[in-house]
Amino acid sequence: MTRTRVVAFLVVLGVCGVGLTALMAAKGVGDHPDPAASPAETRVTCLGHVDTEDRGVAGLFPGNFPIPSTVKKVLVKEAAFVRADQPLLEFDDKMLKLKNEEADIAINIALNEQAKAEATLKGHKAQTDAAELELQSKEEEFKSKKAEFDETKRLFDLKSKNKLELEAAEAAVKSADLNLQAARIKWQGLKDNVPSYLVEEAKENVKRMQSLKDQAQHALAQQACKAPADGTIIRSFVTEGTMFGPQTKEPAFWFLKEAPLVVRAEVNQEFARRVALGASASIEDESDSQQKWTGKVIKVSDQFLPKRNTGGGMPDLMVISSDDRVLECLVSIDPAPGKPGPRFGQKVRVTLAR
């Protein structure tokens, strides 16, 4: 009886083993379904946040930053819509205006110095012309004295002139020659030393002062904070009396450029093969599944990059948050008449389907 029970037990155990093996095999096949046969394998769910395609948020600083400047008046408030080049802040610019006035005075002085140099140059030319006439006069005088001496010597040889008269004529020739040499040296000196450099220096000084004026005007123009484009002031960090300088880290404003909103979705690397340009998208708020929208993939990155911190694209939050590699893609948001769309920076869950 005992032997029969043992045999029966072994038979039952063998049958159970065969059945268990069959079940495990069946389960193994179910764990690796054919991708083409399962719709789930063509979808991927990921997280993202609402942004603009060109990451439209910018931190706005004064144009002359980090040169020190003090806010005199804040011209816009948070949530205000502004136009491109619209002034946002008014600064204490008294010192810069004084610099401009000082530059104007310096330019006038430099122009006066240039006029003096030009007058000196004209006076030198007049002196040179006079010296040339004087030289011509001395040349004629020398010729005359030389002719008188020659005549006196001829008459002296004929005994018509005495020695005293000859010596006087000879002395007159030597004096005329010395006067001629002096006139020639004077004229040559004036001719060779034209003070044109004074005018050139004066002109260069005028240019330098004009450059200082341009710098002062540029500094005054740069002490401004203007909207870079049409958009909205989404955060203000500035009040009257705020000082900007090299140690300032916080901008005056966070500015959101006016542009269509998109979802910046991050797909884990293992599911990236399921993402395709033009794929349809179902979008819902991460915390409230009742808020839903639709869209499609309009751009897929060419690189796998570390995840961003999903801080809505704020300038001070755009930092790498981990070493996980993701494929970033942009998803358009279809308009839904009568239904509010998502807000900039909103965290959402996105389901993509081919």
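The values are calculated or read from the model by the stated rules, or taken from the named source; none is laboratory data. Bear in mind that the values here come from a model prediction, so they are computed numbers and not experimental data. Quick reminder, even Gly has a Cβ in these numbers, built from the backbone with ideal geometry, and neighbours come from all protein chains shown. Areas reflect the complete protein model, heavy atoms only, side chains present, ligands, DNA and RNA absent. Shrake-Rupley method; radii C 1.70, N 1.55, O 1.52, S 1.80 Å.
Observations
- Over 27 Å between alpha carbons, listed pairs 116/191; 143/186; 77/292; 116/186; 73/249: 77/292
- Each peptide in 77-84, 96-103 receives the mean, over its residues, of other Cβ atoms within 10 Å, and ordering these scores from highest gives 96-103, 77-84.
- Here residue 61 and residue 136 are evaluated by their C-beta separation; at R0 = 56 Å the FRET efficiency comes out at 0.15.
- Ligands, DNA and RNA are left out, and with a 1.4 angstrom probe the accessible area of the range 125-184 is 69 Å² per residue.
- Were the residues from residue 148 through residue 334 laid out at 0.36 nm apart, the gain over their Cα-Cα distance would be 55.3 nm.
- Estimated FRET transfer efficiency when R0 is 41 angstrom, pair residue 42-residue 229 (beta carbons, to 0.05): 0.55
- Our coupling estimate for the range 185-201, obtained by passing each phi through the Karplus curve with A = 6.51, B = -1.76, C = 1.60 and θ = phi - 60°, is 4, 4, 5, 5, x, 5, 5, 7, 10, 6, x, 5, 4, 4, 5, 4, 4 Hz, Gly and Pro reported as x.
- Surface composition of the range 132-195: carbon plus sulfur atoms contribute 54% of the solvent-accessible area (1.4 Å probe, protein chains only, all chains present).
- ³J(HN,Hα), Karplus 6.51/-1.76/1.60, whole Hz, each residue of the range 94-104, x for Gly, Pro: 4, 5, 5, 5, 5, 4, 5, 5, 4, 5, 4
- Taking 0.36 nm per residue of sequence separation and removing the Cα-Cα distance, the residue 129/residue 162 pair yields an extension gain of 7.7 nm.
- Legend: calculated FRET efficiency, residue 215 to residue 240, from the Cβ-Cβ distance at R0 = 30 Å, rounded to 0.05, equals 0.60.
- Flagged links, alpha-carbon separation over 29 Å, of 122/145; 94/207; 203/226: 122/145; 203/226
- Under 19 Å from residue 347, Cα to Cα: aspartates and glutamates that are on another chain or at least 8 residues apart: 51, 53, 54, 266, 284, 285, 286, 288, 316, 324, 328, 334
- Simple label model, 7 Å out from Cα along Cβ direction - residue 188 to residue 268, nm: 9.9
- Per residue, the range 49-122 exposes an accessible area of 59 Å² to a 1.4 Å probe, with every protein chain left in place.
- Area of residue 243 that stays accessible when all protein chains are in place (1.4 Å probe, Å², to 10): 130
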